[in-house]
Amino acid sequence: MPYIPHTPEELHEMLSVVGVRSLDDLFADIPSSMRPKHFNLPKGMSEAAVCGHLEQLAAQNCPGHVSFLGAGFYNHDIPKAVDALAGRSEFYTAYTPYQAECSQGTLQAIFEFQTAVSRLMEMDCANASVYDGGSAIFEASMMAVRATRRRVLVVDEAVNPIWRAMLASYTSSLDVEIKTVPQSNGCSDVNALLAAIDDVSAAVIVQNPNFFGVVADYAAVFAKAHEHKTFGVISVYPVMQSVLKTPGEMGADVAVAEGQSLGMSLSFGGPYLGLMACRKEHIRQFPGRVVGRTVDVDGKTGYVLTLQAREQHIRRAKATSNICSNQALCALRALIHMSLLGPEGLTRTAENNMGLARYAVERLTALKGVALLNSAPFGSEAALRLPVPAADVVKAMTAKGVVPGYPLGRHYPGMENVLLLSCTEVNSRGQIDKLAEIMGGLL
């Protein structure tokens, strides 16, 4: 039965106050020709029938496929405790923590999340997250534009093309120029990046590992940026931060990441999580929320929203972006995931995945016509040049139950034969052997 909270008497009372006799009178200004004649909805179903229908739809998925897809979004193992804790009603149904006196649990969780992100990236400060990796790059860019009062963004072409497309879309109506520096055979062209930085650059934006899986040190790029009072922005893969040189070590001004790999399932594209961390001098340019720790009048520790620069609090023209309540649940999942694994667990995960990637490269490059795209160091992802179009290989192998990776010709003309392969802890050597066997039969 439908749940209708108002009695007929209450409806009559409300309509009388408004000055109409029926609910239909509220829509009298809409011509009858423009009103829907019907909603073409099917008849209601029982709970059992609805569950059966949804199970039939779910059965159309391919849960048994072995996948080596990556390209910024990764199929990691998620401890069962993440769902158990994040699904508790205190967190799952909590609203935005505007009232600190009744939101201490949520506020402390966000504060601990900020602390974990800051430590992971070795940066001074972190915010309560943004929507995803692409919006994090945009927000970091806008931090630089506001702080430097410049409009040119120098962007490495080896940054994830999906996030670069988002940056172009978000800035399309703004007075911002994007200067893209071409990649060189899957590697960042460091000399070209250095040459592109000048006194009109607001920020230089790079990624480590880059979209092709290549690992690099951008300390020289950021040093050159600082000579010109330009922001150094870097996008990173969170899991790999446990074994790679961190943004803080490189001298970045702002570090961002797609946080999906920290406790979020792939879920057909979202919801995901954008991580942001920065040097302390830039914190007032942060978008979204920042939670601070303080003491109350009795000297007890408490947590509050602080440094709020939303349009509700300051002049709209100077306000930063507003990131809403739903992101806190994704941030909580990331916090629980990082806490469960700890520094040692993250390191073991990264090293395991790097080992699997090297085994996969060894097996696949033994096939005729398959070679690494370049000789640069790589993490848990690697670009392989095939003797045939990568998209054709992906299509044929997917039909056999193995998704071998991501075809790079979608985004990089001339790389139609290049396949981006990723390994995580959900893969095994046995799966890699199967991957090599099937690919070998196709090439």
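The values are calculated or read from the model by the stated rules, or taken from the named source; none is laboratory data. These numbers come from a predicted model, not from an experiment. Positions of Cβ are backbone-derived with ideal geometry, glycine not excepted, and every protein chain shown enters the neighbour counts. When the accessible area is computed, the model is the full protein with side chains, heavy atoms only, and any ligands, DNA or RNA have been set aside. Shrake-Rupley method; radii C 1.70, N 1.55, O 1.52, S 1.80 Å.
Only Cα pairs under 8 Å and 6+ residues apart enter the sum, and on that basis the relative contact order of the stretch 83-172 stands at 20 percent. Every Cα-Cα pair of the stretch 234-281 was included, and the share exceeding 19 Å stands at 29 percent. Listed peptides 392-403, 290-301 appear in the order 392-403, 290-301 once ranked by packing, highest mean of other Cβ atoms within 10 Å at the front.
Per residue, the Cα convex hull of the stretch 80-336 amounts to 134 Å³. Scaling the Cα radius of gyration of the stretch 79-217 by the globular reference 2.2 N^0.38 Å produces a ratio of 1.30.
Here's the picture: charge each Lys and Arg Cβ at +1 and each Asp and Glu Cβ at -1 in the stretch 295-443, and of Leu443, Ala390, Met354 the one pushed furthest to the positive end of that dipole is Ala390. Solvent exposure of Thr306, expressed as accessible area, is near 50 Å², computed with a probe of 1.4 Å over the protein chains only. Counting only alpha carbon atoms, the long axis of helix 133-148 and the longest principal axis of the chain meet at about 90°. Within the stretch 329-443, the proportion of C-alpha pairs whose separation exceeds 21 Å stands at 42%.
Annotation: amide H-H contacts under 5 Å for Val403 (H modelled 1.01 Å from N, sequence separation of 5 or more, or interchain): Val66, Ser67, Phe68.
Between helix 104-121 and the chain there is an angle of about 10 degrees, using the helix long axis and the longest principal axis of the Cα atoms.
Checking (1) 45, 29, 19; (2) 41, 32, 23; (3) 47, 25, 19 against semi-axes √(5λ) of the Cα gyration tensor in Å calculated from these atoms, the matching label is (2). The charge dipole of the chain, taken about its Cα centre with unit charges on the Cβ of Lys, Arg, Asp and Glu (plus for the first two, minus for the last two), comes to roughly 620 debye.
Listed by chain and number, the aspartates and glutamates whose alpha-carbon sits under 18 Å from that of Lys400, ignoring those within fewer than 8 places in the same chain, are Asp392, Asp433, Glu437.
Dipole orientation for the chain: of the candidates Pro63, Ser169, Val214, Val214 has the Cα lying most toward the positive pole (charges on Cβ; Lys, Arg +1; Asp, Glu -1). The residues of the chain expose, per residue, 51 Å² of accessible area to a 1.4 Å probe. Fully extending the segment from Leu442 to Val297 would add 45.0 nm, taking 0.36 nm per residue of separation and subtracting the current Cα-Cα distance. Taking Leu305, Leu373, Leu174 as the candidate residues, the one with maximal mean-square fluctuation in a Gaussian network model of the chain, Cα springs under 10 Å, is Leu174.
Taking amide H as placed 1.01 Å from N in the peptide plane, the amide H of Ile178 sits under 5 Å from that of Leu153, each at least 5 places away or on another chain.
Normalising the average separation of contacting C-alpha pairs (under 8 angstrom, six or more residues apart) by the number of residues puts the relative contact order of the chain at 20 percent. Take the Cβ-Cβ distance between Gln308 and Ile178 as r, set R0 to 25 Å, and report the resulting FRET efficiency rounded to the nearest 0.05. Efficiency, rounded to the nearest 0.05: 0.25. Of the residues Tyr303, Tyr218, Tyr98, the one that moves most in a GNM of the chain with alpha-carbon contacts below 10 Å is Tyr98.
Computed from point charges on the beta carbon alone (+1 for Lys and Arg, -1 for Asp and Glu), the dipole magnitude for the stretch 353-419 about its Cα centre is near 140 Debye. Of the residues Phe111, Met240, Cys51, the one whose Cα sits farthest toward the positive end of the charge dipole of the chain, with +1 on the Cβ of Lys and Arg and -1 on the Cβ of Asp and Glu, is Met240.
Extension gain, Asp124 to Thr365, is 82.5 nm, computed as 0.36 nm per intervening residue step minus the present C-alpha separation. Model label points for Lys229 and Glu90, set 7 angstrom from Cα along the Cα-to-Cβ axis, are 4.9 nm apart.
If only the Cβ of Lys and Arg carry +1 and only the Cβ of Asp and Glu carry -1, the dipole of the stretch 80-336 around its Cα centre is close to 500 debye. Residue ranges 192-201, 22-31 sort as 192-201, 22-31 when ordered by packing (mean number of other C-beta atoms within 10 Å per residue, highest first).
Comparing mean-square fluctuations of Glu101, Glu351, Glu157 from a GNM of the chain with C-alpha springs under 10 Å, the top value falls on Glu101. Once the Cα-Cα distance is subtracted from the 0.36 nm per residue extended length, the Arg284 to Cys102 segment shows a gain of 62.9 nm.
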